[in-house]
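The block underneath contains the structure these notes are about, expressed in structure tokens.
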Amino acid sequence: MLKAVVDTNVLVSGVILSRGNPYEILEAWRRNELILLTTPEILEEVEAVLRRPKIFRKYRLTEAVVARLLDALNLEASLVGPVSIDPYPQVEPADLKFLACAEAGAADYLVTGDQALLNLTSYKATRIVSPSTFVHILSQG
């Protein structure tokens with residue numbers, strides 16, 4: 001089974017939009033078609049973004065929806081301890097946590113819409129791909 005790190009923006013988009021590639025990725029995870037890797041730091045960021053008043057209101061989120069996703073991530077995603085990695089000049093320091101998670105969990109893929117990460121194309125043994133590319137990969141079985 002594929003192991004993937006999915007960045008915060010993709011996770012949040014999958015929750016608030018209920019359609020599109022980010023949603024399809026979350027649905028594949030819910031159907032146990034992939035192993036979702038995460039870290040406490042990523043989970044904290046997902047929660048903080050979902051609880052931003054602007055996002056909470058705009059997308060009419062409820063505490064129940066946010067709690068359900070966070071519970072699912074905490075209980076069903078594979079929590080890994082990130083390793084320390086050296087900074088990359090072209091990658092924002094805040095995005096290094098995704099590379100660290102990928103390394104710690106020996107991820108097959110890092111799924112992101114962040115252009116700086118996508119420009120790397122890979123990190124060690126992990127391919128870095130867009131949500132649309134990952135959905136295509138998942139559809140290939």
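Every number here is computed from the coordinates shown, using simple stated rules; none is lab data. Since the structure is predicted, the reported quantities are computational estimates derived from the model, not experimental observations. Please note: Cβ atoms are built from the backbone with ideal geometry, for glycine as well, and neighbour counts cover all protein chains shown.
What residue among GLU33, GLU45, GLU92 has the largest mean-square fluctuation in a Gaussian network model of the chain, using Cα springs under 10 Å?
GLU92
So, counting K/R as plus one and D/E as minus one, what does the shell of residues with Cβ under 14 Å around GLN115 add up to?
Numbers: positive: none; negative: ASP7, GLU92, ASP95, ASP114.
Overall, the nearby charge balance is -4.
May I ask for the angle, rounded to the nearest 10°, between helix 63-76 and the longest principal axis of the chain, with both axes built from Cα atoms and the value confined to 0 to 90°?
40 degrees
I'd like the antiparallel share, as a percent to the nearest 5, of DSSP beta bridges with both residues in the chain.
Values: 2 of 14 bridges.
Of all bridge pairs located within the chain, approximately 15 percent are antiparallel.
On C-alpha positions alone, give me the angle between the axis of helix 20-30 and the longest principal axis of the chain, in degrees, nearest 10.
Tilt relative to the chain: about 90 degrees.
Enumerate the lysines that LYS54 could reach by cross-link, defined here as Cα to Cα under 19 Å, with residues fewer than 8 away along the same chain left out.
Partners within reach: none.
As a check on your grasp of the helix formula, calculate [θ] at 222 nm for the chain: sum -39500 (n - 2.57) over DSSP H runs of n ≥ 4, divide by the residue count, round to the nearest 500.
Working: 8 runs with 76 residues, N = 141.
Computed ellipticity for the chain at 222 nm equals -15500 deg cm²/dmol.
Any idea what the dipole of the chain comes to, in debye rounded to 20, about its Cα centre with Lys/Arg Cβ at +1 and Asp/Glu Cβ at -1? Provide the component values of the computation, followed by the final result.
Values: 14 positive and 17 negative charges, 109 e Å.
Dipole magnitude for the chain comes out near 520 debye.
For each pair in LYS97/LYS124; LYS3/LYS124; LYS3/LYS58, compute the distance between the two Cα atoms and list the pairs where it is over 25 Å. The partial results should precede the final answer.
Working: LYS97/LYS124 15 Å; LYS3/LYS124 14 Å; LYS3/LYS58 32 Å.
With Cα atoms farther than 25 Å apart: LYS3/LYS58.
Using only Cα atoms, tell me the angle between helix 8-17 and the longest principal axis of the chain; keep it within 0 to 90° and round to the nearest 10.
Between the helix axis and the principal axis of the chain, the angle is about 30 degrees.
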